[in-house]
Structure formats: C-alpha cells, structure tokens
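Data first, discussion second: the structure below is written as structure tokens.
The values are calculated or read from the model by the stated rules, or taken from the named source; none is laboratory data. All values reported here derive from a predicted model rather than from experimental measurement. Every residue, glycine among them, receives a Cβ derived from its backbone with ideal geometry; neighbour counts consider all protein chains shown.
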C-alpha cells in the first residue's frame with residue numbers, strides 16, 4: 001500500500017502555483033507539459049495530424065540523439081480527502097492506461113507506419129506528477145512479491161510476480177514509459193522506464209539529459 005503525502009502549507013502553495021501555470025493549458029495537461037518539457041530540453045516536437053478515422057501517436061520528436069514517437073495521456077485519479085484512509089494496488093492506474101492504448105492499437109499502428117521507437121508519456125493530474133518508480137515498474141513487470149520462510153521468519157527472495165502488462169509477447173510496441181513530474185512550476189522532469197521487451201528499443205544513452213532519470217531493466221533468460 002502506498003502512503004499518501006501529508007498536505008502542508010508548502011505543498012498547498014506549490015499546488016496553487018502549478019494550477020495557475022496549467023491554466024494556460026488548452027489540450028490535455030500531459031500534452032501541455034510535454035511540449036514545455038521539449039522546449040526546455042531543446043527537442044523539436046511536431047504534432048502528428050492523423051486521419052479522423054486513424055489512431056496515431058501524438059508527437060514526432062527530434063532530439064540530438066535521434067527521432068522518436070510520443071503518445072501523451074493523463075491519469076485522472078481519485079480525489080483524496082485529508083484525515084481519511086485509502087488503499088489501492090500499486091500500479092493500477094498505469095496498468096489501465098497501458099490497457100487503453102493496447103485496445104485502441106494507437107501506438108502499434110504509429111510504430112508500424114514510422115518504424116520508430118515510441119515513448120508512452122504519463123501525467124497524474126491528481127497527484128501532480130507523482131507516478132514514481134514503484135507504480136510504473138509494478139505495472140510493467142508485475143506485482144512486488146516476497147517469498148517468506150515462515151519457519152525462520154525471514155524473506156528469502158523478492159521478485160516481480162503476476163499482473164504484468166509488459167511481456168515478451170505483450171505491448172512490445174511501447175519502447176519505454178515516461179512519467180512527467182512537476183516539482184515546481186519552473187521545473188518539469190521526466191522519469192523513463194525502458195521496456196526490456198521492446199520491438200524497437202531506445203538505446204541506453206538515448207535519454208542522457210540532465211532533467212531525465214532512467215530505469216533500465218535487465219531480464220534474465222529464466223524470466224523470459
């Protein structure tokens with residue numbers, strides 16, 4: 001179970017600042033922030049104009065390390081009230097978005113057309129961009145699982161269990177998943193999680209920029 005942040009005066013102030021910043025937004029919040037991020041990172045992004053009956057990714061992005069496709073989507077979560085307890089499964093909101101994209105075949109069709117790696121970009125509007133490592137890795141690779149030796153009262157092993165949305169033959173058109181974060185209105189960062197099963201993968205050095213953090217998963221032959 002994830003613990004929820006306690007609201008403080010500082011957090012409330014940041015929320016108001018960010019809300020004012022996002023009031024300029026004319027499309028989805030994720031698209032607006034991604035465009036700002038591209039501008040800050042000196043990436044050239046171009047909206048893809050698809051046919052009205054054609055599902056396509058949102059952006060064609062040119063960087064100093066190459067070109068890729070980007071599909072942006074907002075996670076609109078539950079409204080949490082102070083002084084109340086909540087529980088939820090880690091990664092569920094991310095799993096839902098991956099399933100949505102799988103159902104529409106939006107990312108797959110664009111990748112087949114352009115033959116480029118594709119980044120699925122997420123932004124959690126309720127938690128102000130706080131989909132961290134735990135949520136994304138659990139959604140991609142499976143629930144966090146522990147093997148406990150009850151006789152010796154100790155944990156013998158930890159691993160990713162079931163409920164994974166990224167597998168060798170599942171959602172391989174998603175080359176990586178990125179989470180947009182907004183620590184303050186002047187700063188937008190991006191956390192990248194590489195898909196180890198990607199049909200068209202990003203190189204490990206592709207996202208080597210100061211405002212990007214990377215997680216690269218190593219999959220053993222036993223896992224496959």
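Quick notes
- Being assigned to a loop (DSSP other than H, G, I, E, B), over 23 Å from residue 30 (Cβ atoms) and modelled with pLDDT of 75 or more holds for only one residue in 173, 205, 164, and it is 205.
- Among the residues making up segment 176-202, those that are outside any loop (DSSP other than H, G, I, E, B) and more than 22 Å from residue 111 (Cβ to Cβ) are 181, 182, 183, 184, 187, 188, 189.
- Summed over segment 184-202, residues that are over 20 Å from residue 71 (Cβ atoms) and out of contact with any helix residue (DSSP H, G or I) (no Cβ under 8 Å at 6 or more places or on another chain) total 2.
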